[in-house]
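S.K.: Before I ask anything, here is the structure I am working with.
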Amino acid sequence: MGIQEQYRSEAAALLSSGEVKLVIGFGAGSTADRRRPLFARTPEEAQKFVLDAACIANLSTYLVAEGLLSDGKKVGVFLKPDGIRSVNILISEAQLKPEQVVILGYAIESGKDVAALEGRNISDFSIGEKIRKLTPPPHVIEAAEKIEAMSAEERFEYWKEEFSKCIKCYACRQVCPMCYCRRCIVDVNQPQWVSTSSHTLGNFEWNLVRAFHLAGRCASCGACDRACPVNIPLRLVNYRMGKEVRSAFDYVAGENSDQKPVLASFKQDDPETFIL
Amino acid sequence: MSDPFEPKIVAFVCTYCTYAGADLAGTSRLKYAPNVRIVRLPCTGRISPMFILKALQKGADSVLVSGCHPGDCHFTSGNYHARRRWTVFRALLSFTGIPEERIRFSWISAAEGAKFAELINEITDDTRKLGPFTQYQELQKVIETQSSY
Amino acid sequence: MTRILLRNKLDDCIAAWQKAGFSVLAPVKRHEMSSFGEVRKADEMALDLVLTERTIKDQFFPQTEPLIKYKIGKHQIDSETMTPPEKKRVFFGVRPCDASGLAIDDPLFGWDYKDDYWFGRRENSVIVTIACSQADDFCMCTSVKLSPDSTKGADVMLRPLSDGSGWQVEAMSDRGTALVETISSLLQESSAEAAPVPQVAEKFDVEKVMEWLADKENFESQFWKDIALRCVGCGSCTFLCPTCHCFDIQDEGDTYQGIRRKNWDSCSFALFTMHTSGHNPRNTQSTRWRQRIMHKFNYYQGKFGVNSCTGCGRCTRQCPVDMGITETLQAITNLPR
């Protein structure tokens, strides 16, 4: 039995036993190479689940949807390691109760084979070591290094061009499991910290603020990067932030669900080379 | 002839240490560059990176963020939290091309009036050499003009 | 015999238009994004794209636009109205769906008040449409009663020759005729045939959809709740739509001065209908998605007699969760009656 059939029947069993009220997985998309999030409430609907190497979205973003878990009932969700990592971060930030999430874990190996991950509860997955060893795709590192090698003026020009494309559709924010604020700072208007206009200055501020808010919290799933309709390489900023918290504080986001958020904790001997 | 460039510097300081330090500089009759505009806050832990961005948006050429030395925070740990935040924010600014030299961080206690005066003079001189932060200020100018079509 | 424009005459064509005082805008791919941008040479154009990622709407209704500059004094307020310069522009290589979008939005911007920002630009622009020679999986113009060679919104219509060497030229309006006149020496008479128009399958029955939407019984249907479950509430479908036109007025500035701006807004955002009291009449994503569909295929039709969709398919093409108008309208078409 392939993993798709296995998970279809497991999802159906979870639903028919009443253990979960809903399973979030993937269904066929509008073209042959697309998969779309699918919400199954009955065992019959669970038969529509698709699980293959095209299932790349991080579905954990739906776990923080307003009202989804407020009734205390459990929800099943298909997650890759980056999704599991997101769940770890969400739990460590007290946004999720671990017992409310049943994970149908899978990993995409060498871009084509799908393997099941053992376990159902978040505590079953010890992904910490794997995450520490994880390296981003070479093209991401390469692109980030290219930017770091530039002069400050060139870097500014580079991002100015990129951010000037931004139309403030907030797709990056909406698909991100870490962007769970009920009222985002950009929607706060008294005072208006970030300009809501999508002129380059407003875009600059918005993208800097989002990157900063994700520092030490990003699961590197790449959802923002894929969602951006104007192709801003958002991933690069998040990668650079992840690199910084790791080198400065030896912190890797989402290693486990017990860690204290990096910017909500400190050590007395944290590095401070730049402070006069 | 155009006016010589006078740097605009915004200093975000905590009230218990650096602000008291600045006060001491004043009462000790120490002279320091008048280019700085001081914004007093309860603690460095209250200084949001948003403040720095706002200062740049409103035309600051350099920003100073300063508070109590580690261990001296009035609220015990505000400055430790701030330090982590700055570390990360500084990396972000650098990566996006906002020169590190324009955003400075320091610990200045209530007894360090002289350090405050010296630092302000140093930042003013350095900023004078760097020149106005035109790259960022241009973005503001663009907003104020009508689109080209 | 028809008049044709050869590809290798494009550089001369641009020069002629520039000489006549026009800026020439065409599909370009810059910084990993395709949109309409000013070009000086033909090789800057990306004419082989199915569609640009950004629509031509952006050029008439920018994502952010200053309206008034104001200063608040002690006893008075000084304000200065900012109007766009009346710059003459040629849009070369517009796809029929994008050109139709302009024509669809015209009545809206001229309805109870004539929007000078929109019409100032419209009246100074000439739209040169090129009929499509390819379509992708998301194209659905035929489903909304347009076609890959629709002339709606076009001032000049170009139809690709079957050998790819150029286009048949047909002026569709007075402005178009005048524009063709400026390049008449570059055109030649030819009997070369136009390439066949690509087949775009009909994906839904728009009549059936409109009928279902018009039935008030269906407004509270469970259908809406189910179809919009996965919508994450971003605004990319609305911002990349050639007809979506909602905007928000924002004052940006401080206590003493500022700029009043017109910014794009989106019915997908939770904040869009949020009242000051905290009450939100469209407080779930399904009600927002319903609004988008109803606006395009019911309200707009009722007010202006036309549907506010050109079938470009961008809403589905770039949706992060693979939603879009096509799927919803297909589902409505297939609902049991």
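The values are calculated or read from the model by the stated rules, or taken from the named source; none is laboratory data. Note that this is a predicted model, so its numbers are computed, not measured. All Cβ positions, glycine included, derive from the backbone under ideal geometry; neighbour counts span all protein chains shown.
S.K.: Being of a type in the set (Gly, Ala, Ser), modelled with pLDDT of 95 or more and closer than 30 Å to A:Ala94 by Cβ narrows it down to one of A:Ala28, A:Ala57, A:Ala65, so name that one.
M.R.: Details: A:Ala28 fails: closer than 30 Å to A:Ala94 by Cβ; A:Ala65 fails: modelled with pLDDT of 95 or more.
Matching residue, one of A:Ala28, A:Ala57, A:Ala65: A:Ala57.
S.K.: Another question, then. Only residues in the range C:212-231 that are at negative phi count as the first member; pair them with residues that are of a type in the set (Lys, Arg) and surrounded by 15 or more Cβ atoms within 10 Å (Cβ to Cβ), Cβ under 7 angstrom, at least 6 apart or cross-chain, and list the lot.
M.R.: C:Trp224/C:Arg290; C:Arg230/A:Arg36
S.K.: A further question on this structure: State yes or no: is C:Ile56 over 15 Å from C:Val126 (Cβ atoms), in contact with a strand residue (DSSP E or B) (Cβ under 7 Å, 6 or more places away or on another chain) and in contact (Cβ under 8 Å) with a residue 60 or more places away in the chain?
M.R.: On the way: over 15 Å from C:Val126 (Cβ atoms): no; in contact with a strand residue (DSSP E or B) (Cβ under 7 Å, 6 or more places away or on another chain): yes; in contact (Cβ under 8 Å) with a residue 60 or more places away in the chain: yes.
For C:Ile56, the condition - over 15 Å from C:Val126 (Cβ atoms), in contact with a strand residue (DSSP E or B) (Cβ under 7 Å, 6 or more places away or on another chain) and in contact (Cβ under 8 Å) with a residue 60 or more places away in the chain - is not met.
S.K.: Among what's in the range C:1-42 and is out of contact with any Leu (no Cβ under 7 Å at 6 or more places or on another chain) and among the charged types (D, E, K, R), pick the residue that is nearest to the other protein chains (Cβ to nearest Cβ).
M.R.: The selected residue is C:Glu32.
S.K.: With the requirement that a residue be closer than 20 Å to A:Val140 by Cα, of a type in the set (D, E, K, R) and either touching a Pro at 6+ places or on another chain (Cβ under 7 Å) or surrounded by 19 or more Cβ atoms within 10 Å (Cβ to Cβ) (or both), what does the range A:232-263 give you?
M.R.: Of everything in the range A:232-263, those that are closer than 20 Å to A:Val140 by Cα, of a type in the set (D, E, K, R) and either touching a Pro at 6+ places or on another chain (Cβ under 7 Å) or surrounded by 19 or more Cβ atoms within 10 Å (Cβ to Cβ) (or both) turn out to be A:Arg235, A:Arg240, A:Glu244.
Table: residues versus (1) of a type outside the set (Val, Ile, Thr); (2) surrounded by 12 or more Cβ atoms within 10 Å (Cβ to Cβ); (3) closer than 16 Å to A:Ile3 by Cβ.
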{"site": "A:Ile56", "(1), (2), (3)": "no, yes, yes"}
{"site": "A:Leu63", "(1), (2), (3)": "yes, yes, no"}
{"site": "A:Gly67", "(1), (2), (3)": "yes, no, no"}
{"site": "A:Lys73", "(1), (2), (3)": "yes, yes, no"}
{"site": "A:Arg85", "(1), (2), (3)": "yes, yes, no"}
{"site": "A:Ile89", "(1), (2), (3)": "no, yes, no"}
{"site": "A:Ala143", "(1), (2), (3)": "yes, yes, no"}
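S.K.: Also, quick follow-up: List, please: which pairs have Cβ atoms under 8 Å, are six or more places apart or on different chains, and start with a residue in the range B:72-92 that is within 15 Å of A:Pro261 (Cβ to Cβ) and end with one that is basic (Lys, Arg) and buried (at least 19 other Cβ atoms within 10 Å of the Cβ)?
M.R.: Between residues of the range B:72-92 that are within 15 Å of A:Pro261 (Cβ to Cβ) and residues that are basic (Lys, Arg) and buried (at least 19 other Cβ atoms within 10 Å of the Cβ), there is no close pair.
S.K.: Right, something else. Name the single residue that is nearest to C:Lys203 (Cα to Cα) among those in the range A:32-44 being touching a helix residue (DSSP H, G or I) at 6+ places or on another chain (Cβ under 9 Å) and at the interface with chain C (Cβ under 9 Å from one of its Cβ atoms).
M.R.: Kept after step one, since they are touching a helix residue (DSSP H, G or I) at 6+ places or on another chain (Cβ under 9 Å), are these residues of the range A:32-44: A:36-44.
Next, only the ones that are at the interface with chain C (Cβ under 9 Å from one of its Cβ atoms) stay: A:36-39.
Working: A:Arg36: 19, A:Pro37: 21, A:Leu38: 21, A:Phe39: 24 Å.
My answer is A:Arg36.
S.K.: Residues C:Gly278, C:Gly324, C:Gly313, C:Gly235: which one is at pLDDT below 95 and either touching a Phe, Trp or Tyr at 6+ places or on another chain (Cβ under 9 Å) or within 9 Å of another protein chain (Cβ to nearest Cβ) (or both)? Working first, answer last.
M.R.: On the way: C:Gly278 fails: either touching a Phe, Trp or Tyr at 6+ places or on another chain (Cβ under 9 Å) or within 9 Å of another protein chain (Cβ to nearest Cβ) (or both); C:Gly313 fails: at pLDDT below 95; C:Gly235 fails: at pLDDT below 95.
Exactly one of C:Gly278, C:Gly324, C:Gly313, C:Gly235 is at pLDDT below 95 and either touching a Phe, Trp or Tyr at 6+ places or on another chain (Cβ under 9 Å) or within 9 Å of another protein chain (Cβ to nearest Cβ) (or both), namely C:Gly324.
S.K.: Looking at (1) within 14 Å of chain A (Cβ to nearest Cβ); (2) aromatic (Phe, Trp, Tyr); (3) assigned to a loop (DSSP other than H, G, I, E, B), can you tell me which one B:Tyr32 breaks?
M.R.: B:Tyr32 satisfies every listed condition except (1).
S.K.: A further question follows. Which of the residues belonging to the range C:268-318 are in contact with a Pro (Cβ under 6 Å, 6 or more places away or on another chain) and surrounded by 17 or more Cβ atoms within 10 Å (Cβ to Cβ)? Before the answer, list the steps.
M.R.: Here is the first cut: in the range C:268-318, the ones in contact with a Pro (Cβ under 6 Å, 6 or more places away or on another chain) are C:273, C:304, C:310, C:312, C:318.
Selection gives C:Thr310, C:Cys312, C:Gln318.
S.K.: Go through (1) at negative phi; (2) under 16 Å from the mean Cα position of the chain (by Cα) and name the single condition A:Gly254 misses.
M.R.: Looking at each condition in turn, A:Gly254 falls short on (1).
S.K.: Give the residue, chosen from A:Ala143, A:Ala115, A:Ala94, that is in contact with a strand residue (DSSP E or B) (Cβ under 6 Å, 6 or more places away or on another chain) and either farther than 22 Å from A:Leu15 by Cβ or without any contact (Cβ under 8 Å) to a residue 24 or more places away in the chain (or both).
M.R.: None of the other options fit; the residue is A:Ala115.
S.K.: Ok, one more. In contact (Cβ under 8 Å) with a residue 40 or more places away in the chain, closer than 30 Å to C:Ser185 by Cα and in a loop (DSSP other than H, G, I, E, B): does that describe C:Leu102?
M.R.: On the way: in contact (Cβ under 8 Å) with a residue 40 or more places away in the chain: yes; closer than 30 Å to C:Ser185 by Cα: yes; in a loop (DSSP other than H, G, I, E, B): no.
Taking the combined requirement at face value, the residue does not satisfy it.
S.K.: Condition test on B:Lys54, is it under 13 Å from the mean Cα position of the chain (by Cα), basic (Lys, Arg) and at pLDDT 95 or above? Walk me through how you get there before you give the answer.
M.R.: Working: under 13 Å from the mean Cα position of the chain (by Cα): yes; basic (Lys, Arg): yes; at pLDDT 95 or above: no.
Taking the combined requirement at face value, the residue does not satisfy it.
S.K.: If you don't mind, another one. Restricting the range A:49-89 to residues that are touching a helix residue (DSSP H, G or I) at 6+ places or on another chain (Cβ under 8 Å) and among the basic types (Lys, Arg), which is farthest from A:Pro137 (Cα to Cα)?
M.R.: Within the range A:49-89, the match that is farthest from A:Pro137 (Cα to Cα) is A:Lys73.
S.K.: Quick check on the range A:180-196: of everything there that is in contact (Cβ under 8 Å) with a residue 12 or more places away in the chain and facing another protein chain (nearest Cβ under 7 Å), which residue is surrounded by the most Cβ atoms within 10 Å (Cβ to Cβ)?
M.R.: Looking at residues that are in contact (Cβ under 8 Å) with a residue 12 or more places away in the chain and facing another protein chain (nearest Cβ under 7 Å), I get A:Thr196.
S.K.: In the same structural domain as C:Thr129 (by TED's automatic domain parsing), of a type in the set (A, V, I, L, M) and outside any loop (DSSP other than H, G, I, E, B): is that true of C:Val28 in this structure?
M.R.: On the way: in the same structural domain as C:Thr129 (by TED's automatic domain parsing): yes; of a type in the set (A, V, I, L, M): yes; outside any loop (DSSP other than H, G, I, E, B): yes.
Yes.
S.K.: Give the residue that is farthest from C:Ile259 (Cα to Cα), with candidates limited to residues of the range A:202-227 that are crowded, with 24+ Cβ neighbours inside 10 Å and at the interface with chain C (Cβ under 10 Å from one of its Cβ atoms).
M.R.: For the range A:202-227, the residue satisfying everything is A:Ala223.
S.K.: Could you grab me the full set of residues in the range A:51-69 that are of a type outside the set (A, V, I, L, M, F, W, C), touching a residue at least 12 places away in the same chain (Cβ under 8 Å) and assigned to a loop (DSSP other than H, G, I, E, B)?
M.R.: In the first step, residues of the range A:51-69 are kept if they are of a type outside the set (A, V, I, L, M, F, W, C); the result is A:52, A:58, A:60-62, A:66-67.
From what's left, touching a residue at least 12 places away in the same chain (Cβ under 8 Å): A:52, A:58, A:60-62, A:66.
Within the range A:51-69, A:Asp52, A:Asn58, A:Glu66 qualify.
S.K.: Would you pick out the residues in the range A:162-171 that are within 22 Å of C:Lys262 (Cα to Cα) and facing another protein chain (nearest Cβ under 7 Å)?
M.R.: A:Lys165, A:Ile167, A:Cys169, A:Tyr170, A:Ala171
S.K.: Further question: If you take the residues in the range A:99-127 that are under 24 Å from A:Gly18 (Cα atoms), at pLDDT below 95 and within 19 Å of the chain's Cα centre (by Cα), which one is surrounded by the fewest Cβ atoms within 10 Å (Cβ to Cβ)?
M.R.: A:Asn121
S.K.: Exactly one condition in (1) at pLDDT 95 or above; (2) over 30 Å from A:Asp250 (Cβ atoms) is false for A:Val186; which is it?
M.R.: (1)
S.K.: While we're looking at this one, here's another question. Restricting to the range A:8-29, and then to whatever is within 14 Å of chain C (Cβ to nearest Cβ) and of a type in the set (Val, Ile, Thr), can you tell me which residue is nearest to A:Leu51 (Cα to Cα)? Break it down stepwise before answering.
M.R.: To start, the set of residues in the range A:8-29 that are within 14 Å of chain C (Cβ to nearest Cβ) comprises A:21-29.
Add one more test, that the residue is of a type in the set (Val, Ile, Thr), and what stays is A:23-24.
On the way: A:Val23: 13, A:Ile24: 12 Å.
Only one residue fits best here, namely A:Ile24.
S.K.: Any idea how many residues of the range B:117-149 are farther than 30 Å from C:Lys262 by Cα, away from chain A (no Cβ under 11 Å) and either at pLDDT below 90 or crowded, with 18+ Cβ neighbours inside 10 Å (or both)?
M.R.: Looking only at the range B:117-149, we keep the residues that are farther than 30 Å from C:Lys262 by Cα, and these are B:117-132.
If we keep only those that are away from chain A (no Cβ under 11 Å) as well, we get B:117, B:120-121, B:124-129, B:131-132.
Checking the rest, the ones that are also either at pLDDT below 90 or crowded, with 18+ Cβ neighbours inside 10 Å (or both) come to B:117, B:120, B:124, B:127.
Of the residues in that region, 4 qualify.
S.K.: Starting from residues that are surrounded by fewer than 16 Cβ atoms within 10 Å (Cβ to Cβ) and among the β-branched types (Val, Ile, Thr), keep the ones in the range C:238-266 and report whichever is modelled with the lowest pLDDT.
M.R.: C:Thr255
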